[in-house]
Amino acid sequence: MNKIIIATTNSGKLREIKKIFSDSSFNILSLSDFPNFPEIIEDGDSFEENAEKKARLVFEITGIPSLADDSGLVVEQLSGAPGIYSARYSGEGATYESNNKKLLKELEKYPSPHLAKFVCIAVYYNGKKKIIKTGEIVGQIINLPKGTNGFGYDPIFIPDGFNVTLAELTIEEKNRISHRAKAFKEMKIILGSL
C-alpha cells in the first residue's frame, strides 16, 4: 500500500482529506503520526509557495511522498484578505472564533453581499515529481455564524447556490463542493495513475 503523508496537524482538514481518499489504495498518514516533527513556518507569498514548502520539507525529513495544501478565504471587499493569512488572521494564538470575529468586524464598513471564495492549492512531492492542483468555491460571508460542522470560516460562508453555510453541511455534502475536495479529488485521480 502506497504511503502518503498529509502535511498537516489540522484534524478537520485531515478528516476531509481521508474521506476523499477512503476509496483509494493509499495509506494516509499525517504529521500527527510524527510527534517530533518540527514546526513548518509558512512564510511564502502565495498559497502555492506555502504548500510546496510544506510538501518538500515533509518529504526531505521523512523520505515518504507528501501531499500538502495551503488554503484560505479571499474576500473581495478586503482586497483578497485574509488570503494566505487566513489561519492566523487575528494574530498570534488565533482561534477560529477570533478570526471570524475580526473578519466580520472588518466587513462592517462594507455593504452586503460580502463576496468571497475559498481557494485551495494542493502540492504533491515525492523527491522527483511535483504535482499541483487547485480548487475554488465561491459564495458570500454572512454576519451571523451558523452550523457546527466544518471548521475555520465555514460557519460564516454560504456557497453560491445554497442557503446554508458550509458548517451546516455534512462532511459528505461539503466534500462534494468544497475547494479542498476539488483540488484533492483531482490529485487522487492523478496519483492513482502514477
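Amide H contacts of Asn2 (H built 1.01 Å from N, in plane; Pro and chain starts excluded): Asn27 sit under 5 Å, all sequence-distant by 5 or more or on other chains. Most simply put, the chain has about 80% antiparallel DSSP beta bridges, counting only bridges with both residues inside it. Packing here is the average count of other Cβ atoms within 10 Å per residue, and on that basis the peptides 111-117, 181-187, highest first, run 181-187, 111-117. Taken one residue at a time, the phi angles of region 146-159 give Karplus couplings (6.51, -1.76, 1.60, θ = phi - 60°) of 9, x, 10, 7, x, 7, x, 8, 3, x, 10, 10, 9, x Hz. Gly and Pro are set to x. The simple spin-label model puts a point 7 Å past each Cα toward its Cβ; for Ile189 and Ser98 those points are separated by 4.1 nm.
Relative to one another, the C-alpha centroids of region 1-67 and region 83-151 are positioned 19 Å apart. Quick check: from the Cα gyration tensor, does region 1-76 come out rounded (a/c under 1.5), prolate or oblate? In terms of gyration-tensor shape, oblate.
Projecting the Cα atoms of Gly192, Pro38, Thr62 onto the charge dipole of region 3-192, computed from C-beta unit charges around the Cα centre, puts Gly192 farthest toward the positive end. Structure remark: mean-square fluctuation, Gaussian network model of the chain, C-alpha springs under 10 Å; the largest value among Phe162, Phe118, Phe26 belongs to Phe162.
Here the extension length gained between Tyr85 and Glu39 equals 14.9 nm, from 0.36 nm per residue of separation less the Cα-Cα distance. For Lys19, a cut-off of 20 angstrom between C-alpha atoms picks up these lysines, skipping any fewer than 8 places away in its own chain: Lys3, Lys133, Lys174, Lys182, Lys185, Lys188.
Each stretch of four or more DSSP H residues adds -39500 (n - 2.57); spread over every residue of the chain, this sum gives -9500 deg cm²/dmol at 222 nm. Residue exposure proxy: Asp160, Asp23, ordered by other Cβ atoms within 10 angstrom of their Cβ from fewest to most, comes out as Asp23, Asp160. Does anything in region 94-124 have its amide N under 17 Å from the 7 Å Cα→Cβ label point of Asn143, and if so which residues? 100-115, by backbone N distance to the label point.
Taking a sphere under 13 Å around the Cβ of Leu194 and counting the other residues whose Cβ falls inside, with K and R at +1 and D and E at -1, yields a net charge of +4.
Coordinate-derived values only; no laboratory data. Please read all numbers here as calculations on a predicted model, not as lab measurements. Methodologically, a virtual Cβ is constructed for each residue, glycine included, from the backbone with ideal geometry; neighbour enumeration extends over all protein chains shown.
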